[in-house]
Structure formats: structure tokens, C-alpha cells
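Undergrad: Could you have a look at this structure, given as C-alpha cells, before my questions?
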Amino acid sequence: MDLDTGAGLLHRLTSYEPGREWDVPVDDPRVRHDLVPNDPATLPPPMKGYPDGPAVLALPRDLPDPGVPATAVLAGVASPARPLDAAQLGRVLFLGAGVVRTAERNGRPVLFRAAGSAGARFPLELYASTRGVAGVPDGVHWYDARRHALVRVAPAATGAVTTLVVTGVPWRTGWRYAERGWRHLYWDAGTLLSQLSAAAASAGLAPRLRSLFPDATVRALVGADGVHEYPLAMLSFGDGEPAIGPTGPALPGELPPVELPLCTAAQRAGERDVLGAPWPSAEPLSTFPPSDPLDEVVRRRGSQRRMDRSRTLPRALLEWPLAAALRGVPVPHWVAVHGVDGVAPGLYRWPDLSAPLRAGDLRDELLRVCLDQALAGDAAYVVVAAAPLSALDDRGYRDAQLAAGLVEGRLHLAAYALGAGASGMTFLDAAVPGLLAEPDDLAGLLFTCVGVPEYRSRAGGRPGAPVEVRPVMPRLGGS
């Protein structure tokens, strides 16, 4: 990867390093210095807007829950095929991007979605290009998560099978994290896709994930301009040709006209004009522990803000969730173990837990690497995704970030299914190679903390009926 252009340049200029606070931009003219992070005056709206006029189809609010255990879905066990109708499509969309909780912050509402998001910025949009869905006209539709409805933005696309398109809005996360938020788009997309895929698989819809697609075509399909919004990934139902061929113009919708040029350049550097094969299907796990149905686990899931470092997790709650989360994902992962019964504290390269690469208590080091965020030391274990930059190109860098987010999302579901808690975590880039005893070329992708919850999240609501919550503030420093 070229660290002077495209995604490589963005990675280098947005990497956290000692001696510079995370919210202070690097001294380089290619990053914006005129935007104040977390400025209430420039806070972007939580969702796209569409002027009056597009056809709106309210989706059924009674979701057809297949009742499949969350652990069975994560293990890859096949589920019976159910009809793809408006209710089932709405269920899949809701379990990924639905509004399940609300809160008030500085006098403004916060819409918490079913899938987690770095910093609760929720910078993604979700579209459904439908083909043959009972009760839904063929067309390209934006998912209005607040109303649990489909907004028709374009005529029916060419192609054979219904396809979901995930897009990212860089300013929505850049408002807090500046240009580094481009990485978060892919983390969050992976997390969202973990739940969309699980929901679809539990209904036997044969989800097929693609991260290689003709960017310009998919932009035109959903009305994204490639600057303020761009496509990140697609999920089709079945093995047929994805319905992504535009047959007419798409309504663009409304977004704040704030550009982060470094993000635009990174995105364009990875653009391609071909449709790739779906991500390979992985063999199912041979066993899975009992759990509540997936739909209940998704509504129960939340980003854990505090964990009890005085309590440990059984070894099975490390081994099985990691095996399920990493099914079919080739990105390297390490595990820093703090408090797992039967596993000595230290650093391990997954899947080998026979002997640590580094032995001993690493809580203080994880705190330092994770910018003094207490979860990194309080968790029972911390999962680290990282990959050598030399093995990636501009598109491969996207895929690696997406894969790390997919693993994090699966870990969230597995943890909550089995009574633990989980939360994603950012990190000091410069410290990752030293932590993992790897060459400097190794790039950290994402950290996930898993541990014993200090509190229980209130279960999320159903479509159109989110529950009101008071967010828990995370701790800083050691407990």
C-alpha cells in the first residue's frame, strides 16, 4: 500500500500517535483544520432527508420471528427458507438498522440503531433494491428507520435477486472523528452486515455479501454522489444476479454539503468497475451452545460502557464466540486475555491458546494502547484485528476494515447471546505493532472488548416503538 496516496495516505494521516491528542489533527494541509469536532452548531442530522413526493410504503410492524437461536445462526446452521415478503424484509432491515432506543443529548434526540456504531454516530444508510418481494413493488427503496418504512427513490433495477446496499455518510462520523471517521464507516458497515446477514440467514434467505462491485453503477442506483455519501457493501438474497443495474435516475436526498477531501480521495482510489464474487461461505461449526432467539438477542444487544474487572468469564465464552465470529474471515486476530478461567493472562495469536506470545497481566498496557479507556483493562479479554499494510491495496484496505467490523458485530451477538457484554474500541495506532510484537508495517484495524457487564442494557423496542434510555458514561483510566 502506498502511504502517500489514497487509502494509504488517509491511514497514515489519521493514525493516532503519542504526544498528540486524538481530537487534534495532524499538521498537514491535506486534512481539514477549519472544522471543530463535536460542534453543536454543525451537528449533522441522524438520517438522510427526502423532499415531499416519493412514494412511502409502511412496513408491517409485527415482525415474523423464525425463533432460531442466535448461536445456531452464528454457527452457520442452515435454517428453513421462509417467504420473502414485506414483513420479512422489514424484519431484516429492522434487525440491522432499525431505531430501537432513543435518548436526549444536549436537547437533541439520539436515535440508537439495532447494530452498534463507533461513538454512536450511526453514519450509514440502507437501501433495498427489491425483486419479487410480496407486498413490495419492485424498485429501489431507502429504508426510513424512524418510520419503519420504504421510500421509493428509483425505478426497479435490472438483476434477479433482492439486494441491500449499505452506504456511508462521511461527515456524520467525521463530525466527531474528522477524517479518521472514514475507517469507522467500514467498521460500522461490517457490524451492520453481521446483523443483516444473521437476520436473513435465520429466515433461510441465503445472504451473499459482496464488497467488490462497480462503484459508479451502485452510486447511480441509490442516488449517492460519491462525496457526501458512497456505497460500502452489498448483501443479496440468493445466488442470482444482484439487482443493481439502474434503469432511471435516483432521488439524491438531502445531506449536509460538508466534504472531507482526504476521505473522498481514499474512497475514489479504491473504486472498481467490476462485480466480484460473494464472500466465500464458511463451514458451519460442529456445535453451538443454547441461547435465546436471534431477534431477542439483537434487541438486547448494546454497546457495553462498563465492565466488572473483578469477575472472569469461562473459557468457553472466549473460544466459542471467537470461533463463530471468525468463521470464514481471513484477517489475522490476536487476543489479550485478562480474566478468563483456564487461560493464563497474556497475549495470544488466535486460534492458538496453548501458550501466550507474551505472558502476564497486560491490563495497563491495553489501557495505554486504547487511549486510557477503562473497558480495555476491565474486559475479560480484548480481541485485536490487524493486518500488514504491504499486503493491501486501496480496495483491500476497505475489505480489511469491513471484515474487522463484521467480526466485531458477530462477537457482540455471541457475547450477548451467552450473557456477556462487548464493545468496540479505538486505539493508538503507533502502539499496536509493539503490543503484538509484530513489524511496524502491521496496521491495527479494530479492538473489541468482551467481559462481564457491570449493568444490564434495557432491551430495545420494536418498530415504531423505541424505548427511552439514559446513556451510561464510560470510565477513563484504571478501575
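The values are calculated or read from the model by the stated rules, or taken from the named source; none is laboratory data. What you see is a predicted model, and the numbers here were worked out from it, not measured in a lab. Glycine gets a Cβ as well: all are built from the backbone with ideal geometry, and neighbour counts include every protein chain shown. Only protein heavy atoms, including side chains, enter the accessible area calculation; ligands, DNA and RNA are left aside. Shrake-Rupley method; radii C 1.70, N 1.55, O 1.52, S 1.80 Å.
Undergrad: Contact list please: Cβ distance under 6 Å, first residue in segment 329-356 and modelled with pLDDT under 95, second residue buried (at least 17 other Cβ atoms within 10 Å of the Cβ) and in a strand (DSSP E or B), pairs at least six apart or on different chains.
TA: Cβ pairs passing all conditions: none.
Undergrad: So for segment 386-393 (the condition being open to solvent by 10 Å² or more (accessible area, probe 1.4 Å), at positive phi and touching a residue at least 60 places away in the same chain (Cβ under 8 Å)), does at least one residue qualify?
TA: no
Undergrad: One residue is enough: does segment 85-101 have a residue meeting the conditions in contact with a helix residue (DSSP H, G or I) (Cβ under 7 Å, 6 or more places away or on another chain), at pLDDT 95 or above and open to solvent by 20 Å² or more (accessible area, probe 1.4 Å)?
TA: So in segment 85-101, the residues in contact with a helix residue (DSSP H, G or I) (Cβ under 7 Å, 6 or more places away or on another chain) come out as 91-92, 95-97, 100.
Okay, now just the ones that are also at pLDDT 95 or above, so 91-92, 95-97, 100.
Checking the rest, the ones that are also open to solvent by 20 Å² or more (accessible area, probe 1.4 Å) come to none.
No; the residues of segment 85-101 include none that is in contact with a helix residue (DSSP H, G or I) (Cβ under 7 Å, 6 or more places away or on another chain), at pLDDT 95 or above and open to solvent by 20 Å² or more (accessible area, probe 1.4 Å).
Undergrad: Taking the condition of a type outside the set (A, V, I, L, M), crowded, with 24+ Cβ neighbours inside 10 Å and under 21 Å from Ser354 (Cβ atoms), does Pro321 pass?
TA: On the way: of a type outside the set (A, V, I, L, M): yes; crowded, with 24+ Cβ neighbours inside 10 Å: yes; under 21 Å from Ser354 (Cβ atoms): yes.
So Pro321 fits the description; yes.
Undergrad: What do you reckon, is Ser281 part of a loop (DSSP other than H, G, I, E, B) and closer than 25 Å to Val337 by Cα? Break it down into steps so the answer makes sense when it comes.
TA: On the way: part of a loop (DSSP other than H, G, I, E, B): yes; closer than 25 Å to Val337 by Cα: no.
It is false that Ser281 is part of a loop (DSSP other than H, G, I, E, B) and closer than 25 Å to Val337 by Cα.
Undergrad: For the subset of segment 242-279 comprising residues that are open to solvent by 70 Å² or more (accessible area, probe 1.4 Å) and in contact with an Asp or Glu (Cβ under 9 Å, 6 or more places away or on another chain), which member is nearest to Val31 (Cα to Cα)? Spell out how you get there, then give the answer.
TA: Our first condition is that a residue be open to solvent by 70 Å² or more (accessible area, probe 1.4 Å); within segment 242-279, this holds for 247, 249, 251-252, 254, 257, 268, 272-275, 277.
Adding the requirement that they be in contact with an Asp or Glu (Cβ under 9 Å, 6 or more places away or on another chain) leaves 252, 268, 272-273, 275.
Working: Pro252: 27, Arg268: 16, Arg272: 25, Asp273: 28, Leu275: 32 Å.
Looking at the filtered set, the residue picked out is Arg268.
Undergrad: Can you spot a residue in segment 160-170 that is over 27 Å from Leu260 (Cβ atoms), part of a loop (DSSP other than H, G, I, E, B), touching a helix residue (DSSP H, G or I) at 6+ places or on another chain (Cβ under 9 Å) and open to solvent by 10 Å² or more (accessible area, probe 1.4 Å)?
TA: From segment 160-170, those over 27 Å from Leu260 (Cβ atoms) are 160-163; that's our starting set.
Add one more test, that the residue is part of a loop (DSSP other than H, G, I, E, B), and what stays is 160, 162.
If we keep only those that are touching a helix residue (DSSP H, G or I) at 6+ places or on another chain (Cβ under 9 Å) too, we end up with 162.
Narrowing further to those that are open to solvent by 10 Å² or more (accessible area, probe 1.4 Å): none.
No, that holds for no residue.
Undergrad: Okay, moving on. Say we look at segment 333-342 and pick out the residues that are farther than 19 Å from Pro388 by Cβ and crowded, with 21+ Cβ neighbours inside 10 Å; which of these is nearest to the chain's Cα centre (by Cα)? Walk me through it before giving the result.
TA: Quick first cut of segment 333-342, residues farther than 19 Å from Pro388 by Cβ only: 336-342.
Filter once more, so that each one left must be crowded, with 21+ Cβ neighbours inside 10 Å: 336-340.
Working: Ala336: 22, Val337: 23, His338: 25, Gly339: 26, Val340: 26 Å.
Step by step, filter segment 333-342, then rank; the result is Ala336.
Undergrad: Residues to consider are Arg152, Arg147; find the one that is open to solvent by 10 Å² or more (accessible area, probe 1.4 Å), under 21 Å from Val222 (Cα atoms) and assigned to a loop (DSSP other than H, G, I, E, B).
TA: Working: Arg152 fails: assigned to a loop (DSSP other than H, G, I, E, B).
It is Arg147.
Undergrad: Moving to a separate point now. What number of residues in segment 10-51 are touching a Leu at 6+ places or on another chain (Cβ under 9 Å), assigned to a loop (DSSP other than H, G, I, E, B) and open to solvent by less than 90 Å² (accessible area, probe 1.4 Å)?
TA: Qualifying residue count, segment 10-51: 18.
Undergrad: Please state which of the following conditions Ser423 fails to meet, knowing it meets all the rest: (1) among the hydroxyl-bearing types (Ser, Thr, Tyr); (2) part of a helix (DSSP H, G or I); (3) touching a Leu at 6+ places or on another chain (Cβ under 8 Å).
TA: (2)
Undergrad: Oh, and also: For segment 52-76, name all the residues that are on the phi < 0 side of the Ramachandran plot and either modelled with pLDDT under 95 or surrounded by fewer than 16 Cβ atoms within 10 Å (Cβ to Cβ) (or both).
TA: Our first condition is that a residue be on the phi < 0 side of the Ramachandran plot; within segment 52-76, this holds for 52, 54-66, 68-75.
Listed by number, the residues that qualify are Asp52, Pro54, Ala55, Val56, Ala58, Arg61, Asp62, Pro64, Asp65.
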